[in-house]
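These notes are about the structure you will find just below.
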Amino acid sequence: MTTTPETCPICGGTGWQTIERGKEREVVRCECRVKDRGERLLAAARIPARYEHCELSNFQYDSADKRLKSVIEARTFAGRFVEEYPVDKTGLLFVGTVGVGKTHLAVGIIKDLIREKGIHCLFCDYRELLKSIQNSYSPSVQATEMEILRPVFESEVLVIDELGAVRSTEWVFDTVNYLLNSRYNDNQTTIITTNFPDGEETDAEINNLRSPSEAERAARRETLGDRIGERMRSRLHEMCKKVEIEGPDFRQHSKQAQFQRMSAPNRLSLRNSKREP
């Protein structure tokens with residue numbers, strides 16, 4: 001037995017509704033069509049299943065914890081970004097260690113842009129993107145490099161998650177340069193997360209990467225400039241506002257809390273068993 005789709009009570013299935021603005025009447029897209037478009041855009045955004053729960057509204061933190069000042073500021077930046085887009089199309093560069101909420105905020109931003117403003121957004125894991133491009137060079141793979149990159153170039157707002165996660169090579173430098181420069185030249189918005197510190201190096205340091213002091217450089221923690229090249233790092237600062245986040249690893253804290261909750265019944269059961277005669 002087939003069921004007839006429910007007709008929208010507002011537009012009667014036409015997809016348009018009439019609204020009043022003062023003394024004037026205006027015909028606009030019905031909310032049902034806006035919702036349908038949002039659902040299609042959300043599905044096309046390729047948000048991984050592990051981040052499907054991420055929303056700006058459920059980004060939780062202890063506002064009384066002084067250690068989380070930068071986390072609170074980052075959440076404010078994210079909300080303001082959604083409010084001001086597309087008047088201000090400058091992207092965001094979230095910089096911080098593992099587990100401070102960078103990806104959660106990036107996903108929350110594109111979800112709100114899709115639902116509230118109907119913006120075409122795309123989520124890309126940096127490592128998976130580079131791997132897909134490399135695989136396209138194999139004769140056994142049907143997809144070409146341009147077919148893989150086309151959605152990246154066409155997306156109005158792009159999230160690149162964990163930029164720098166792949167060890168640098170000339171090919172990586174060239175690929176990142178091509179990707180970011182293309183979006184920069186087309187005035188497209190890019191939101192980036194990275195676990196690498198955004199340290200600044202002088203021209204002398206850049207020109208002496210293979211000097212005898214390279215051992216000293218290797219001993220320190222690698223920077224974003226080391227992973228994507230200092231010149232592309234400089235380009236990022238033209239494309240994005242940097243948002244540095246410092247704080248505890250929320251994922252580790254969540255695991256510990258979950259373990260404690262799961263262990264509590266077991267400890268209670270053990271205490272009760274000891275009381276039994």
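The numbers here are math on the coordinates, done by the rules we state, and not lab data. What you are looking at is a predicted structure, and each value in this text was computed from that prediction instead of being measured. Glycine also receives a Cβ, built like all others from the backbone with ideal geometry; neighbour counts cover every protein chain displayed.
Structure notes:
- One Cα centroid belongs to the stretch 92-131, the other to the stretch 221-235; the line between them spans 20 Å.
- Taking amide hydrogens as placed 1.01 Å from N in the peptide plane, the amide H of residue 243 sits under 5 Å from those of 93, 94, 95, each at least 5 positions away in sequence or on another chain.
- Residues 53, 237 arranged by fewest to most Cβ contacts within 10 Å: 53, 237
- Sorting 40, 75 by the number of Cβ atoms found within 10 Å of their own Cβ, with the fewest placed first, yields 40, 75.
- Each Cα pair of the stretch 32-242 feeds into the Kirkwood radius, which the Stokes-Einstein equation turns, at 4 °C and 1.567 mPa s, into a diffusion coefficient of 71 µm²/s.
- The mean sequence separation of alpha-carbon pairs under 8 Å and at least six residues apart, normalised by the residue count of the stretch 68-162, gives a relative contact order of 28 percent.
- Length-normalised contact order for the stretch 32-242 - Cα pairs under 8 Å, 6+ apart - percent: 25 percent
- Cross-link pairs 23/89; 23/117; 89/111; 89/242; 131/242; 66/102 - those with Cα-Cα distance over 23 Å: 23/89; 23/117; 131/242
- Dipole magnitude for the stretch 32-242: computed about the Cα centre from +1 point charges on Lys and Arg Cβ and -1 point charges on Asp and Glu Cβ, it is near 480 debye.
- Whole-Å semi-axes of the ellipsoid equivalent to the stretch 98-192 (Cα gyration tensor, √5λ, descending): 23, 16, 13
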